[in-house]
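J.: Following this message is one structure expressed as structure tokens.
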């Protein structure tokens, strides 16, 4: 069945098709329609799940943590300040290895308060231990929710599925909604066999006989196990995607190349703007430029070896991202620099760090990642020497006369 739905609705359909048994989420723009629609389905009997109303985001995550520890498939959703409010328990959920699936609709963190798109809210939670996926389309949102349960339950780690605020959450797209029978074939019921150990929190080992005697008291052992399984989860992601593609005819690699075979300059992007960039790459190819695109879907664990494979040896790499770590630069760019140049005996790859589209949405021109700006960034990367500063402000006009503004590059 194909329907024209928003990204929020696509996320809700993914949850229903995955047969989540407990759902608890607190409303916050622009993700409110996700729990709203799920609560309607539960009330109407269309979805066999318990929907729980609570008074804040930290309570919603706490509720699904308890249900997940009891062996139930769960879901929650949030955005921006709501995700920030959950911060304390994000660490706990990952440390306890609870296979929770959460949808986060990317929105700027205040101040100032904006309703648009900025991926900094989820990227700023990169050290909490949650797997993170970023979606390009509403179809990818629906499909990724289903795949997220497969991955989360296979490695017993929580997964955050991120979709751009407004550009996906509120925009209608034609989306195929798969049959329940096919989803059931892909994703069987969640029936864990673990038992919670004596110290009262879950679970590094699905069989209690594997638990070392000192595990509950040793924090470093716990972190070692968490890091080990997080690092191994890439294999689970690839396996889940392969099985999904075989059954449904579509899939989403953690790192996907587009027209990169002979590309001298490669652009790396994530989220809804990938589609815009794909069209721009096609245009530049028609003009004779050897340009390619790399779509980064998986951010945690960071797919270091896959990034090295597609970017090593390139003449230049441009990273265009909708996030910022103030005083440091774009978050994706810093991770890519580490992946390409840490502990690798190879030629340094010049990286051009563009930040664009912060707060985008609702017709705010400065917040849009447009084909014009993407083309400007690519052509600048082709012609200019590598920049010395950590941010190239793409689409931002000159703001003043201080030293940083005089030395920064502005492309508008």
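None of the figures in this text is laboratory data; all of them are computed from the coordinates on show. Computed from a predicted structure; not experimentally measured. Note that we place each Cβ from the backbone using ideal geometry, even for glycine, and neighbour counts take in every protein chain shown.
J.: Could you work out the relative contact order of the stretch 2-248? I mean the mean sequence separation of Cα pairs under 8 Å and 6+ apart, divided by the number of residues, in percent. Before the final figure, lay out the partial values.
T.: Values: 482 pairs, mean separation 57.9, N = 247.
Reported as a whole number, the value is 23 percent.
J.: Then there is this: Can you list the residues of the stretch 370-393 with backbone N under 13 Å from a point 7 Å past the Cα of residue 279, pointing along Cα to Cβ?
T.: Once the point is set 7 Å along Cα→Cβ of residue 279, 370-375 turn out to lie under 13 Å by backbone N, inside the stretch 370-393.
J.: So for the chain, averaging the separation of alpha carbon pairs under 8 Å that are six or more residues apart and normalising by length, what relative contact order in percent results?
T.: Details: 850 pairs, mean separation 61.4, N = 412.
This gives 15 percent for the chain.
J.: Report the convex hull volume per residue for the stretch 2-248, counting only C-alpha atoms, in Å³.
T.: Working: hull volume 29.0 nm³, N = 247.
It is 117 Å³ per residue.
J.: Pull out a ≥ b ≥ c, the square roots of the eigenvalues of the alpha-carbon gyration tensor of the stretch 270-355, then state rounded if a/c is under 1.5, prolate if not and a/b is larger than b/c, and oblate in the remaining case.
T.: Working: a/c = 1.73, a/b = 1.25, b/c = 1.38.
Oblate.
J.: Let me ask something else about it. Any chance you could give the angle, 0 to 90 degrees and rounded to 10, that helix 57-69 forms with the longest Cα principal axis of the chain?
T.: So the helix axis and the longest Cα principal axis differ by about 50 degrees.
J.: Another question, then. In what sequence do 223, 107 fall when counting other Cβ within 10 Å, fewest first? Mind showing how you got there, number by number?
T.: Numbers: 223 12, 107 32.
If I rank by nearby Cβ atoms, fewest first, I get 223, 107.
J.: Mean separation of Cα pairs under 8 Å and 6+ residues apart, divided by the residue count of the stretch 46-158: what relative contact order is that in percent?
T.: Values: 144 pairs, mean separation 29.0, N = 113.
Relative contact order here is 26 percent.
J.: Would you mind pulling out the separation of the Cα centroids of the stretch 260-309 and the stretch 137-163, in Å?
T.: 22
J.: Could you tell me the extents of the chain's C-alpha atoms along the three principal axes, largest first, rounded to whole Å?
T.: Projected onto the principal axes, the Cα atoms of the chain cover 60, 48, 44 Å.
J.: For helix 273-286, what angle does its Cα long axis make with the longest principal axis of the chain, in degrees from 0 to 90 and rounded to 10?
T.: Helix 273-286 sits at roughly 40 degrees to that axis.
J.: Next question, about the same structure. Quick one: angle between helix 7-17 and the longest Cα principal axis of the chain, in degrees between 0 and 90, rounded to 10, please.
T.: Helix 7-17 and the main axis of the chain meet at about 30 degrees.
J.: Another question, if that's okay. Between residue 182 and residue 43, what is the label-to-label distance in nm when each label sits 7 Å out along the Cα-to-Cβ direction?
T.: Here the answer is 3.2 nm between the modelled labels.
J.: Still on this structure, I have one more. How much mean residue ellipticity at 222 nm does the chain get from its helices, if each DSSP H run of length 4 or more adds -39500 (n - 2.57) and you divide by all residues, to the nearest 500 deg cm²/dmol? Show your work: numbers first, answer last.
T.: Numbers: 14 runs with 160 residues, N = 412.
That calculation yields -12000 deg cm²/dmol at 222 nm.
J.: For the stretch 6-48 and the stretch 320-340, what is the separation of their C-alpha centers, rounded to whole Å?
T.: Taking the Cα centre of each part, the stretch 6-48 and the stretch 320-340 sit 33 Å apart.
J.: Which of 146, 369, 171 has the fewest other C-beta atoms within 10 Å, and how do the rest follow up to the most? Mind showing how you got there, number by number?
T.: On the way: 146 22, 369 28, 171 16.
Fewest-to-most Cβ neighbours within 10 Å comes out as 171, 146, 369.
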